[in-house]
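Visitor: Dropping the structure in here first, questions after.
The values are calculated or read from the model by the stated rules, or taken from the named source; none is laboratory data. No experiment lies behind these values; they were computed from the predicted model shown. In this analysis, Cβ positions are derived from the backbone assuming ideal geometry, glycine residues included, and neighbour counts consider all displayed protein chains.
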Amino acid sequence: MRAHFRLLVVFLLLILHQASATADPARPKLKLFLHWYAEADDGGFYAALENGYWREEGLDVEIVQGGPNPNIEMHVSTEPATLGIVPADKALLGAARGLPLVAFMPFYQHDAQAIMVHANSPVKSLADLSGRRVAVTFGATFFTYLQKHYRYQNTTVLPYTGTVANFIRDPEYIQQAFPHAEPFYAKQQGVDSRCILVSESGFDPYRVVVAPQKMVSGRPEWLRAFSKGAYRGWLEFYRDPKRSLDAIQKLNTTADRPGLEFAVQEIKRYRFLQGRADRGESFGKSDPARWKALNDQLVTAGLIPKPIDLKLAVSDEFAPAKLGVDVSSLSR
């Protein structure tokens, strides 16, 4: 009887050992909130997801689509294990409001914000917007800065609708845009346009991923794993975007393939991710001088009362070079 019992115990132990050896280990689960619906702008993150790069780094990541006024800063500040994508100015404005945010991954060296005008418009530069009607998102930081910087007179601010419908109808219409998006849809309806990058004014924020301060200080290994997977995703997206665009189209049914392919082409042409090597820019790099300039511009524009402590709001500990990720192929 005892022999049978011992055999049963051994058998059960073998089963338990085999189960523990094959079980999937517990993985941290993170959410990444997008600034808008799934688009080519986010292609590298979808490449990381679709190719399993985050899982290889030991993470489960869920990408959550945004939309109009997604309030990402509040999501990241109040929800555990949550990251978000914002322009760098929003990261600093959130920190100035006391939100516990840290910008840790500047994946776009230059946010792609622009002003779109008709191809034959007399507006040739951002300084020419005095006396014009311009459609922008209510309270847009970049336009508040432009108004202060250029001292516009008699400029009428219209509500931005998120479409090009008014632009198509009105040859004098001016609106905010991304050069890799709205010009394509205007052209589809027979209207040629030009885009003037906001960065030409000197207001030149990164586009960044933000994390809660508690995660940066308490779980830096999560952010190292996330960053490694994301960097690999962007490298793969630049090499071959097809798989990512397939995933984006399934999630965002309003995104058509020609528009997505145009976006990829223009993102590469403008070098939004890698920036300009002659200025010392490279994919994933965080330049303290640029952060300081942005900090000071927000004060000058009256958007914050005094510069914030950048040591608390920005981290460069997760840059590609510090994580041993070779991103040189993207900078060519």
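Visitor: For residues that are part of a helix (DSSP H, G or I) and farther than 17 Å from GLU182 by Cβ, tally how many sit in the stretch 251-275.
Guide: 3
Visitor: Here's something else I'd like to know. Looking at ARG151 and the list (1) touching a residue at least 24 places away in the same chain (Cβ under 8 Å); (2) more than 28 Å from GLU39 (Cα to Cα), which single condition is not satisfied?
Guide: (1)
Visitor: Still on this structure: So PRO122 clears everything in (1) assigned to a loop (DSSP other than H, G, I, E, B); (2) buried (at least 24 other Cβ atoms within 10 Å of the Cβ) except one condition, right? Which one?
Guide: PRO122 satisfies every listed condition except (2).
Visitor: Another question, if that's okay. Residues in the stretch 10-40 that are modelled with pLDDT of 95 or more and in a helix (DSSP H, G or I): how many?
Guide: Residues that pass the stated criteria total 1.
Visitor: Turning to a different aspect of this structure: For PHE262, indicate whether it is within 23 Å of SER199 (Cα to Cα), aromatic (Phe, Trp, Tyr) and out of contact with any Gly (no Cβ under 9 Å at 6 or more places or on another chain).
Guide: Against the criterion (within 23 Å of SER199 (Cα to Cα), aromatic (Phe, Trp, Tyr) and out of contact with any Gly (no Cβ under 9 Å at 6 or more places or on another chain)), PHE262 qualifies.
Visitor: Only one of TYR238, TYR152, TYR185 is surrounded by fewer than 22 Cβ atoms within 10 Å (Cβ to Cβ), outside any helix (DSSP H, G or I) and touching a Gly at 6+ places or on another chain (Cβ under 9 Å); which?
Guide: Testing whether each residue is surrounded by fewer than 22 Cβ atoms within 10 Å (Cβ to Cβ), outside any helix (DSSP H, G or I) and touching a Gly at 6+ places or on another chain (Cβ under 9 Å) leaves just TYR152.
Visitor: A follow-up question, please. Give the residues of the stretch 230-258 that are farther than 23 Å from GLY284 by Cα and among the polar types (S, T, N, Q), sorted by residue number.
Guide: Once the filter is applied, which keeps residues that are farther than 23 Å from GLY284 by Cα and among the polar types (S, T, N, Q), the stretch 230-258 yields GLN249, ASN252, THR253, THR254.
Visitor: Residue by residue through the stretch 200-224, note down the ones that are small (Gly, Ala, Ser), surrounded by 23 or more Cβ atoms within 10 Å (Cβ to Cβ) and either in contact with a Pro (Cβ under 6 Å, 6 or more places away or on another chain) or part of a helix (DSSP H, G or I) (or both).
Guide: Result: no residue meets the conditions.
Visitor: Continuing with this model, one more query. Pull out all pairs, ordered by first then second residue, where Cβ-Cβ is under 6 Å, the residues are six or more apart or on different chains, the first lies in the stretch 258-269 and is on the phi < 0 side of the Ramachandran plot and without any contact (Cβ under 8 Å) to a residue 60 or more places away in the chain, and the second is among the β-branched types (Val, Ile, Thr) and outside any helix (DSSP H, G or I).
Guide: Listed pairs, sorted by first residue: none to list.
Visitor: Mind listing whichever residues of the stretch 290-316 are charged (D, E, K, R) and surrounded by fewer than 15 Cβ atoms within 10 Å (Cβ to Cβ)?
Guide: LYS292, ASP296, LYS306, ASP309, LYS311, listed by residue number.
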